[in-house]
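The values are calculated or read from the model by the stated rules, or taken from the named source; none is laboratory data. None of the values given here were measured: they were computed from a predicted structure. All Cβ positions, glycine included, derive from the backbone under ideal geometry; neighbour counts span all protein chains shown. The accessibility values were calculated without ligands, DNA or RNA, using every heavy atom of the protein model including side chains. Shrake-Rupley method; radii C 1.70, N 1.55, O 1.52, S 1.80 Å.
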Amino acid sequence: MHGYDLDTTGIKFAKQNAADRGVAERVRFQVKDVAELSSKAKYDLAIVVEAVHDLSQPIEVLTAIRKILAPGACLIVADERVADTFTAPGDPVERIMYGFSMFACLPNGMADQPSVGTGTVMRASTLRDYAAKAGFKDVQVLPIEHQLLRFYRLTP
Ligand SMILES: C[S@@+](CC[C@H](N)C(=O)[O-])C[C@H]1O[C@@H](n2cnc3c(N)ncnc32)[C@H](O)[C@@H]1O
């Protein structure tokens with residue numbers, strides 16, 4: 001299993017957690033821009049947790065992931081379970097996600113330019129749009145119950 005992130009501290013913790021649980025030999029964590037993954041490697045499954053809404057260039061990253069998937073493989077995306085459309089007043093999840101967005105995810109995602117400026121409130125329609133532009137043929141919302149996360153299966 002290979003894990004990638006741009007954040008050196010996050011990768012350090014991932015390595016430490018793997019070592020603490022005795023699986024360090026089976027996993028490799030690396031500081032890397034996922035948009036620059038080599039398409040020579042092929043994976044049976046890719047998972048992006050809580051990160052698509054943070055990406056300054058999500059289409060480039062999703063395209064790079066599609067290219068490393070083996071035939072029959074898919075990408076699972078876990079991202080915020082926000083409403084399908086904006087409504088005011090928003091429910092408690094919308095409110096907390098807009099708070100995170102204004103003070104963390106949106107400015108962070110826009111620090112690297114160019115940036116699409118998604119922010120924490122990434123609606124399912126936005127993910128579907130990014131996935132289609134990245135060459136995925138299908139996006140399914142998986143029937144997994146979770147208060148804050150929605151799980152998507154992206155199929156090339
Ligand atoms: C909200 S954090 C989630 C981190 C982790 N997946 C988790 O669930 O705890 C979003 C992460 O996306 C990473 N990120 C943003 N753009 C990236 C890119 N192009 N390649 C790799 N990681 C990226 C950031 O460094 C950040 O750690």
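How much area per residue is accessible in region 42-155 when the probe is 1.4 Å and only protein heavy atoms are counted (Å²)?
Each residue of region 42-155 exposes 54 Å² on average to a 1.4 Å probe.
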Worksheet, complete the sentence: Whole-percent carbon and sulfur contribution to the accessible surface of the chain (1.4 Å, no ligands, DNA or RNA) stands at 56
Worksheet item: How many lysine pairs does the chain hold where the Cα atoms are under 18 Å apart and the two sit 8 or more places apart or on different chains?
Response: 9
Worksheet entry | Contour minus Cα-Cα distance for Leu149 and Ala83 (0.36 nm per residue) | 22.6 nm
Response to the item:
Reported to the nearest 10 Å², His146 has, with a 1.4 Å probe, an accessible area equal to 80
Worksheet entry | Distance between modelled label sites at Asn108 and Glu25, nm, 7 Å Cα→Cβ extension | 3.5
Discussion item. Using only the alpha carbons of the chain, what is the convex hull's orientation-averaged projected area in square nanometres?
Written reply: 10.0
Worksheet item: Relative to the first principal axis of the alpha-carbon coordinates of the chain, what is the inclination of helix 58-68, with its axis defined by its Cα atoms, in degrees from 0 to 90 and to the nearest 10?
Response: 30
Practice prompt. Mind giving me the nanometre distance, one decimal, between the label points for Gln16 and Val116, set 7 Å out from Cα along Cα→Cβ?
Written response: 3.3
Response to the item:
Given the candidates Val61, Tyr98, Thr126, the one whose Cα lies deepest towards the positive end of the charge dipole of region 42-155, counting +1 at each Lys or Arg C-beta and -1 at each Asp or Glu C-beta, is Val61
Practice prompt. Using 0.36 nm per residue of separation minus the Cα-Cα distance, give me the extension gain between Arg128 and Val141 in nm, one decimal.
Written response: 3.7 nm
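Set the Förster distance to 35 Å, then compute FRET efficiency between Arg95 and Asp7 from the Cβ-Cβ distance, nearest 0.05. Walk me through the numbers before you get to the answer.
Numbers: r = 27 Å, r/R0 = 0.76.
After rounding, the FRET efficiency stands at 0.85.
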Worksheet, complete the sentence: With Val139 itself left out, Lys, Arg at +1 and Asp, Glu at -1 over residues whose Cβ is under 10 Å from its Cβ give +1
Worksheet item: For the Cα atoms of the chain, what angle does the longest principal axis make with the long axis of helix 124-133, in degrees from 0 to 90, nearest 10?
Response: 50
Practice prompt. Rounded, prolate or oblate: pick one for region 71-156, where a ≥ b ≥ c are the square roots of the eigenvalues of its C-alpha gyration tensor, a/c under 1.5 means rounded, and failing that, prolate if a/b is larger than b/c, else oblate.
Written response: oblate
Worksheet entry | Accessible-area value, Asp129, 1.4 Å probe, nucleic acids and ligands omitted, Å² | 60
